[in-house]
1. Helix 66-90: angle to the longest alpha-carbon principal axis of the chain, degrees 0 to 90, nearest 10?
2. Where does each of 8-15, 29-36 land if you order them by average Cβ count within 10 Å, highest first?
3. What do you get for the angle between helix 122-148 and the principal long axis of the chain? Use alpha-carbon atoms, 0 to 90 degrees, nearest ten.
4. Contour minus end-to-end for residue 53 and residue 4, with contour as 0.36 nm per residue of separation and end-to-end as the Cα-Cα distance?
5. Where in segment 29-45 does the label zone of residue 75 land, with the point 7 angstrom along Cα→C-beta and an amide N cut-off under 12 Å?
6. Only one of the listed values, (i) 1.07; (ii) 1.00; (iii) 1.12, was derived from the coordinates as Cα Rg over 2.2 N^0.38 Å; which label is it?
7. What is the helix-to-structure angle for 18-28, meaning the angle in degrees between its Cα long axis and the longest Cα principal axis of the chain, kept from 0 to 90 and rounded to the nearest 10?
8. Rank-order 18-26, 117-125, 56-64, 88-96 by packing density, defined as the average count of other C-beta atoms within 10 Å over each peptide's residues, highest first.
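Computed from the coordinates by the stated procedures, all read-outs in this text should not be read as laboratory data. As the structure is a prediction and not an experimental result, all values here were calculated from the model. Here the Cβ positions follow ideal geometry from the backbone for every residue, glycine too, while neighbour counts run over all protein chains shown.
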């Protein structure tokens with residue numbers, strides 16, 4: 001059971017799934033659903049400071065490599081087109097809603113990149129991401145709990 005919880009946490013830290021994948025994974029493996037929710041939610045929140053550290057400190061060195069720079073520009077354009085109008089128009093609420101939508105391409109990774117690109121104050125960006133992650137995790141958790149219980 002502990003290994004399944006660790007895997008759910010790792011999925012929640014991963015850009016390939018975040019809590020949208022970690023929560024259903026943990027519940028399907030039989031881990032306590034409340035524990036899964038809290039652990040995956042907190043793991044997903046931990047991504048924001050890690051991404052900010054990466055974008056502030058490491059990104060500038062990696063931009064010297066052509067492949068990385070090309071990939072970074074692609075991701076930046078995608079983040080701006082996917083979230084730009086909402087974030088510029090609605091600010092905190094726009095960022096929270098963008099992160100909240102439990103679909104691929106949204107979430108804390110995209111929200112962190114968008115907040116970095118739009119130069120949103122860190123504290124506000126963190127709370128917007130946290131609110132978005134909470135509601136996204138709650139939606140996914142409710143669907144996973146009700147679908148495994150046959151309700």
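1. 80
2. Ranking the peptides 8-15, 29-36 by packing returns 8-15, 29-36.
3. 30
4. Taking 0.36 nm per residue and subtracting the Cα distance, the gain is 14.8 nm.
5. none
6. Recomputing Cα Rg over 2.2 N^0.38 Å here gives the entry labelled (i).
7. Helix 18-28 and the main axis of the chain meet at about 10 degrees.
8. Listed from highest to lowest mean packing, they are 18-26, 88-96, 117-125, 56-64.
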